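Asks: A single structure is presented below for examination.
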Amino acid sequence: MSMNYSAPRGTKDILPDEATRWRFVEDTFRRLCALYGYGEIRTPMFEQTELFVRGVGEGTDIVSKEMYTFTDKGGRSITLKPEGTAPAVRAYLEDHLGGQGAVTKLYYVTPIFRYERPQAGRYRQSHQVGLEVFGASSAAADAEVIELTTAFFREVGLQSVELRLNSLGDAECRAAYRDALLDFAAQYLATLEADATERMRANPLRLLDSKDPAAVDAMKDAPIVTDYLEEESKAHFGELQELLTRLGVPFQLDPRLVRGLDYYNRTVFEVISGELGAQNSVCGGGRYDGLVALCGGPDTPAVGVAVGIERTLILIEERAIPAVSPAAFLVTFGDALRAEVLELATKLRSAGIAVDLDLEARSGKSQLRQADRSGARYAVILGIEEWSRGAVQLKDLQLNTQAEIAVESLQNELTP
Ligand code: ATP
Ligand code: MG
């Protein structure tokens with residue numbers, strides 16, 4: 001049979017063994033979110049294009065180059081979600097999640113779609129876990145989000161990651177800083193194509209976020225944003241650092257850290273790892289107090305983070321994640337007890353015991369081989385004569401011992 005189809009470029013199948021690792025990462029995140037009082041939100045895979053153009057920002061790589069946008073049969077412009085924050089904001093507003101003065105804490109686990117050049121740690125469909133806190137302006141909210149993120153990396157077994165932290169201040173100080181950056185970068189900007197210059201002028205912070213070596217070089221001694229912070233932002237940033245220190249969260253100040261998205265203010269942070277090569281950022285987050293209003297809502301402070309699952313998994317590749325094996329594999333010789341075996345499997349499964357069996361009426365010998373391969377501790381062997389007395393053979397595949405036991409005690413015997 002010829003194979004005519006392959007998964008689209010930049011996508012991959014997650015097969016059962018790999019999926020175990022994915023579930024471990026996702027379950028760890030969900031467990032922590034429940035501990036910290038975050039509720040799950042699941043938004044659609046696609047939204048009106050306008051939401052992302054507005055909410056992520058026209059000047060960003062995401063909007064200018066990376067979106068999967070198409071016109072549906074009703075003539076609407078639709079975009080597969082390239083990130084989770086704008087949809088969360090849309091839902092927060094549409095579903096009235098923010099009562100008067102309330103703080104709303106949400107988390108999500110979602111695929112994202114970006115038309116990128118696929119390489120290690122960079123896909124066209126990738127996946128994120130993320131948090132959004134709406135309605136909280138204090139540094140405590142930033143600290144909670146960052147501490148939760150750190151706890152997540154710790155719990156999945158990641159050691160060699162580094163938290164980078166910066167403050168971008170508010171709109172007022174940003175204007176002066178943008179001007180300073182543009183002044184400083186004038187020579188470099190003159191070397192760019194007109195549209196690239198235009199993009200940088202629209203959002204000069206991108207000059208610091210560019211991966212172009214020429215830009216990195218040109219901006220090496222650029223003015224730093226923290227010299228421009230106004231008093232309130234400075235106080236907020238100072239308080240955040242105190243809180244993180246108190247919570248035992250190590251961080252590295254990085255005055256050159258800006259984020260690729262337009263909407264951040266004050267706190268920005270990233271977790272990076274040397275082990276990831278060029279794709280060294282495993283998560284990005286920060287405060288975005290202007291975004292809810294930008295999307296048509298009331299002034300609402302907000303802070304959040306998005307963590308890449310693929311890059312997290314690359315980093316925990318070597319760490320042992322317990323394999324899931326059945327407790328027992330059921331075996332019968334001959335055809336007489338085929339239905340009984342399936343029935344017994346069903347009973348044990350409904351009692352919460354993971355068991356497996358042969359579904360293809362293979363020989364007893366083959367079934368025992370399957371039992372070994374399955375990783376099960378026990379084989380339960382049904383023989384006609386014993387079965388008629390309400391008994392089975394329980395074979396310990398590790399110790400290679402075997403004994404007759406009553407069917408009624410099987411459930412107890414197999415309960416881990
Ligand atoms: P990069 O600079 O590597 O492109 P980014 O700034 O675009 O990252 P964010 O939009 O902040 O990334 O997304 C948060 C996290 O999601 C990233 O740190 C990364 O772990 C993950 N991520 C983003 N894009 C991809 C992708 N195309 N493939 C795999 N993971 C991704
Ligand atoms: Mg990117």
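Asks: Looking at the stretch 179-238 from every direction and averaging, what is the projected area of its Cα convex hull in nm²?
Replies: That works out to 4.6 nm².
Asks: Jot down the radius of gyration and Dmax of the chain, Cα atoms only, both in angstrom.
Replies: In order Rg, Dmax, the Cα atoms of the chain give 27.5, 91 Å.
Asks: Now for a separate question. Longer than 26 Å from Cα to Cα, which of 73/105; 211/234; 12/347; 12/81 are they? Say none if no pair is.
Replies: 73/105; 211/234; 12/347
Asks: Run through the DSSP bridge list for the chain and note the antiparallel percent, rounded to the nearest 5. Provide the component values of the computation, followed by the final result.
Replies: Values: 51 of 63 bridges.
Around 80 percent antiparallel, to the nearest 5.
Asks: Given contacts defined as C-alpha pairs under 8 Å and at least six residues apart, what's the relative contact order of the chain, whole-number percent? Display every interim value, and only then the final one.
Replies: Details: 698 pairs, mean separation 63.8, N = 416.
Worked out over the chain, it gives 15 percent.
Asks: Hey, another quick one. Normalised by the number of residues in the stretch 261-372, what is the relative contact order in percent for Cα pairs under 8 Å and 6+ residues apart? Please list the in-between numbers first.
Replies: Values: 140 pairs, mean separation 19.6, N = 112.
Reported relative contact order: 17 percent.
Asks: Among 127-137, 339-349, 54-64, how do they line up from the highest to the lowest mean number of other beta-carbon atoms within 10 Å? Could you put the intermediate results ahead of the total?
Replies: Values: 127-137: 22.7, 339-349: 15.8, 54-64: 20.6.
Sorting 127-137, 339-349, 54-64 by mean packing, highest first, produces 127-137, 54-64, 339-349.
Asks: Order the peptides 107-115, 156-164 from the highest to the lowest mean number of other Cβ atoms within 10 Å of their residues.
Replies: Numbers: 107-115: 20.3, 156-164: 16.0.
Ranking the peptides 107-115, 156-164 by packing returns 107-115, 156-164.
Asks: Still on this structure, please answer the following. Distance from the Cα centre of the stretch 268-290 to that of the stretch 367-416, in angstrom?
Replies: Cα centroid of the stretch 268-290 versus Cα centroid of the stretch 367-416: 51 Å apart.
Asks: Sticking with this structure for a sec: Could you check how much of the accessible area of the chain is carbon and sulfur, as a whole percent, using a 1.4 Å probe? Can you show the working numbers first?
Replies: Numbers: 10720 of 21040 Å².
Within the chain, the accessible surface is 51 percent carbon and sulfur.
Asks: Determine the shape class of the stretch 364-416: with a ≥ b ≥ c the square roots of the Cα gyration tensor eigenvalues, call it rounded for a/c under 1.5, and otherwise prolate if a/b is greater than b/c, oblate otherwise. Let's see the in-between values first.
Replies: On the way: a/c = 2.12, a/b = 1.30, b/c = 1.62.
Oblate, because a/c is 1.5 or more while a/b does not exceed b/c.
Asks: Below 8 Å, C-alpha to C-alpha, sequence gap of six or more: please give me the relative contact order for the stretch 141-277 in percent.
Replies: Relative contact order comes out at 49 percent.
Asks: Please report how far the C-alpha centroid of the stretch 166-212 lies from that of the stretch 20-48, rounded to the nearest whole angstrom.
Replies: A separation of 35 Å, based on Cα centres.
Asks: Sticking with this one: Please identify, among 280, 265, 166, the residue showing maximal mean-square fluctuation in a Gaussian network model of the chain using a 10 angstrom Cα cutoff.
Replies: Among 280, 265, 166, the largest mean-square fluctuation in the Gaussian network model of the chain belongs to 280.
Asks: Follow-up. When ranked by the protection proxy of mean other Cβ atoms within 10 Å per residue, highest first, what sequence do the peptides 373-381, 303-311, 357-365, 178-186 form?
Replies: Per-residue mean Cβ counts within 10 Å order the peptides as 303-311, 373-381, 178-186, 357-365.
The values are calculated or read from the model by the stated rules, or taken from the named source; none is laboratory data. Quantities reported herein were computed from a predicted structural model and do not represent experimental measurements. Backbone-built Cβ (ideal geometry, glycine too); neighbour counts: all protein chains shown. For the accessible areas, the whole protein counts, side chains as well, though only heavy atoms, and no ligand, DNA or RNA atoms are used. Shrake-Rupley method; radii C 1.70, N 1.55, O 1.52, S 1.80 Å.
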